[in-house]
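**Student:** Attaching a single structure in structure tokens format; questions to follow.
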Amino acid sequence: MWRPLLLILYCLAASARAEAPAIDFATGEWPPYVSRSFTADGVFADMVRQACRRAGYNARFHYMSWPRAEAEVKAGRAAAAFPYRPTQERQRDFDFSPPLIHSSSYFFYYKPRLVNPPGDFRSLTDLRSYRIGVQLGYWYQPLFKQYRLNTLNTNDEENAIRLLRAGHLDLAPLTLERGLFLIRTQATGHEGEFAYIPTPLDKATPLGLMYSRSYPDIAKLRRAIDRTLQAMQADGSLQAIYQRNFPELKQRR
């Protein structure tokens, strides 16, 4: 008679363990960092999911536009949004996790259309003679305006790759991982026709979680996730996830 009772108690305990508390995250499409089309939702989402699992939580990802993601976090309907770079403006309303990835942006170009590309540059003023594609709202826009660069707005980064091939743009600023991904997917078979100026546009930029200040139990959740991320950084788990997604690159930390 005890065996059935013990079996029931075991199943109840196992069910309780399986139902880890859920944390809501807001994010958007930005492959290869995060995308619904990927098995593990992209490298960044994979890191977040593994960190939550190790901390005893279940990560729930909600895809939306980037402005809405920020609004959801600010309103406390999501614990955090990702991936985000900390800026002075954002730090007035949000807190940030330790960085999960460091990434730099580079100027990509299409070799058949740009016969004499700049091999390097000391200042952005060196690039004034080139047509540079930009995205509205991106961090580099005030910088390019300051240096009076010749910029052209493009609908999105995918379109920037197409415009490079068509000869309507000379340069397109993209993070290294993003640029290489777009070239592989938008110009399959022509990857060798693209290159990037080796001088980075910016220093290695930290990308992390942008935390809400009003999500339920956010102080407890943030401490647990941040501790786990630091442990994953120390034991090489974050680097392993990065290398699994980008075997051709060495992450800058």
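The values are calculated or read from the model by the stated rules, or taken from the named source; none is laboratory data. This is a predicted model, so every value here is computed, not measured. We place every Cβ from the backbone using ideal geometry, glycine too, and count neighbours over all the protein chains shown. Keep in mind that these areas ignore ligands, DNA and RNA; they rest on the heavy atoms of the full protein, side chains included. Shrake-Rupley method; radii C 1.70, N 1.55, O 1.52, S 1.80 Å.
**Student:** Select from region 104-132 the residues that are under 22 Å from G192 (Cα atoms) and not in a loop (DSSP other than H, G, I, E, B) and list them in ascending order.
**Tutor:** S105, Y106, F107, F108, Y109, Y110, R131, I132 - these are the residues of region 104-132 that are under 22 Å from G192 (Cα atoms) and not in a loop (DSSP other than H, G, I, E, B).
**Student:** Quickly run through region 132-176 and pick out the residues that are of a type in the set (D, E, K, R), touching a Leu at 6+ places or on another chain (Cβ under 7 Å) and under 12 Å from F108 (Cα atoms).
**Tutor:** Within region 132-176, E157, D170 qualify.
**Student:** Evaluate region 80-91: report whether one residue or more is among the β-branched types (V, I, T), under 22 Å from L176 (Cα atoms) and crowded, with 22+ Cβ neighbours inside 10 Å.
**Tutor:** no
**Student:** Could you tell me which numbered condition T188 fails, if it satisfies all but one of (1) open to solvent by less than 30 Å² (accessible area, probe 1.4 Å); (2) polar (S, T, N, Q); (3) in a loop (DSSP other than H, G, I, E, B)?
**Tutor:** It fails just one condition, (1).
**Student:** Determine if region 146-161 includes at least one residue that is of a type in the set (F, W, Y) and in a loop (DSSP other than H, G, I, E, B).
**Tutor:** Taking every residue of region 146-161 in turn, at least one turns out to be of a type in the set (F, W, Y) and in a loop (DSSP other than H, G, I, E, B).
**Student:** Could you give me the residue pairs with C-beta distances under 8 Å whose first residue belongs to region 57-73 and is without any contact (Cβ under 8 Å) to a residue 24 or more places away in the chain and more than 16 Å from D41 (Cβ to Cβ), whose second residue is of a type in the set (D, E, K, R) and surrounded by 15 or more Cβ atoms within 10 Å (Cβ to Cβ) wherever it lies, and which are 6+ apart or on separate chains?
**Tutor:** Within 8 Å, no pair qualifies.
**Student:** I need a count of the residues in region 146-177 that are without any contact (Cβ under 8 Å) to a residue 60 or more places away in the chain and either in contact with a Cys (Cβ under 7 Å, 6 or more places away or on another chain) or open to solvent by less than 60 Å² (accessible area, probe 1.4 Å) (or both). Show your work before the answer.
**Tutor:** Taking region 146-177 and keeping what is without any contact (Cβ under 8 Å) to a residue 60 or more places away in the chain, we get 146-169.
Narrowing further to those that are either in contact with a Cys (Cβ under 7 Å, 6 or more places away or on another chain) or open to solvent by less than 60 Å² (accessible area, probe 1.4 Å) (or both): 149, 151, 154, 156-161, 163-164, 166-167, 169.
Total satisfying the criteria: 14.
**Student:** Can you name the number of the only condition in (1) under 20 Å from D156 (Cα atoms); (2) buried (at least 18 other Cβ atoms within 10 Å of the Cβ); (3) at pLDDT 95 or above that E72 fails?
**Tutor:** It is condition (1) that E72 fails.
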